[in-house]
Amino acid sequence: MLKDFAKLQTFLMVIKEKSFSKASAKLGVSQPAVTQQIKFIEDYLDTKIVERKKNGILLTKEGEDLFRIATKLEKAIMSSEKELLKIINKDFTFIMGSSNVIGNYILPNYLGEIKSRINNNVYMNVGLSHEIIDQLEDKKIDLALIESPVFRDGIVYREWVLDELVVFSNQPLKKHLTAEDLMGFDWICRDEHSHTRKLTSDVFEEMGVQCSNFNVLGILGSPTAIKESILCADPKSQRPVVSVMSRHVILNELANGKLFEARLKNYKIERSFYIAYLKDKKHDAFVDNVVNYLLSLNKI
């Protein structure tokens, strides 16, 4: 019989993502490991459960039956986990670390639910991604949420949210900007060590534009400081003052018409946010509960 639920979880993730490679990224394991676990199930059941197609994967009839059973098991296990946490009932503070955009603009909306799910207090540290990973390695925090790919041994990384960076201003902008358009703005830029700056510079270079050729009014390290600088700029200036920022930072201002966004013509600036935790915390009930909740938030 199947002695643990991990293989069925892999099967469910493959179905959810409709891809072995995407499932491996979500689970934080290699694609061969995903293939091996699916093969184990098929060998055990002595039947084919998944067929790979050019446009994804297709369940066999037996695979559909297994999917229904595995889904029921998953719900039962999640319910049991909540009961287990009540029994454990540890009185402690669960400490999360997150980089600036996540910690200041995304996570606060979900801290109450996280606290409720683990029945304990939740505290959050905010800093640069590499600082947060340092804290995770030093066991000063239980879980990390980062926006820069700071990958180190001994840590499990799970892809979480796909983030988009956009050009924004306090003046209306063209929907799609060309290289020539970018040269007509005054810029507030991120510092050179910022991951946002690196991503943006790489795309600009593909467009044939060098950041060093922009008319730069200032260089700031904080997303909040940059947003406030743009908000305070003269809205009637002939040259709009712009910057590049995660949409999560400016969502409220976009909604109330205080800021305006634009994208690059034929280009997108995107990045993945990651959930990270120590490998020796892989089976920690509290970490597992919070990770599963965060992964359930498919679109933020």
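The values are calculated or read from the model by the stated rules, or taken from the named source; none is laboratory data. What you are looking at is a predicted structure, and each value in this text was computed from that prediction instead of being measured. In this analysis, Cβ positions are derived from the backbone assuming ideal geometry, glycine residues included, and neighbour counts consider all displayed protein chains. Quick note on the areas: whole protein, heavy atoms, side chains included, nothing else; ligands and nucleic acids left out. Shrake-Rupley method; radii C 1.70, N 1.55, O 1.52, S 1.80 Å.
Looking only at the chain, where both bridge partners belong to it, what percent of the DSSP beta bridges are antiparallel (to the nearest 5)?
55 percent
Once neighbouring chains are kept in place and the probe is 1.4 Å, which whole percent of the accessible area of the chain is contributed by carbon and sulfur?
50 percent
For the Cα atoms of the chain, what angle does the longest principal axis make with the long axis of helix 31-45, in degrees from 0 to 90, nearest 10?
Value to nearest ten degrees: 30.
Against the globular-protein guess of 2.2 N^0.38 Å, express the Cα radius of gyration of the chain as a ratio, rounded to two decimals.
For the chain, the normalised Cα radius of gyration is 1.17.
What FRET efficiency, computed as 1/(1 + (r/R0)^6) with R0 = 41 Å and r the Cβ-Cβ distance, is obtained for Tyr123 and Lys48, rounded to the nearest 0.05?
My answer for the efficiency is 0.25.
Only helical DSSP H runs with n ≥ 4 go in: add -39500 (n - 2.57) per run for the chain, normalise by residue count and round the 222 nm mean residue ellipticity to 500 deg cm²/dmol.
So the helix-based figure for the chain works out to -13000 deg cm²/dmol.
Given a 1.4 Å probe and heavy atoms of the protein chains only, how would you sort Phe67, Phe5, Phe204, Phe40, largest accessible area at the top?
Phe40, Phe67, Phe5, Phe204
Could you give the accessible area per residue of region 76-222, probe 1.4 Å, as a whole number in Å²?
I get 51 Å² per residue for this part.
Taking the chain as a Gaussian network, where each spring joins two C-alpha atoms under 10 Å apart, which residue of Arg52, Arg263, Arg190 fluctuates the most?
Comparing Arg52, Arg263, Arg190 in the GNM, the peak value goes to Arg52.
Under the 0.36 nm per residue contour assumption, what length would be gained going from the current alpha-carbon distance of Phe40 and Asp65 to full extension?
7.3 nm
Glu192 versus Glu131, label points 7 Å from Cα toward the beta carbon: distance in nm?
Going by the 7 Å Cα→Cβ label model, 2.1 nm.
Would you list, by chain and number, the lysines whose Cα falls below 20 Å from the Cα of Lys279, excluding same-chain residues fewer than 8 positions away?
Lys7, Lys26, Lys139, Lys140
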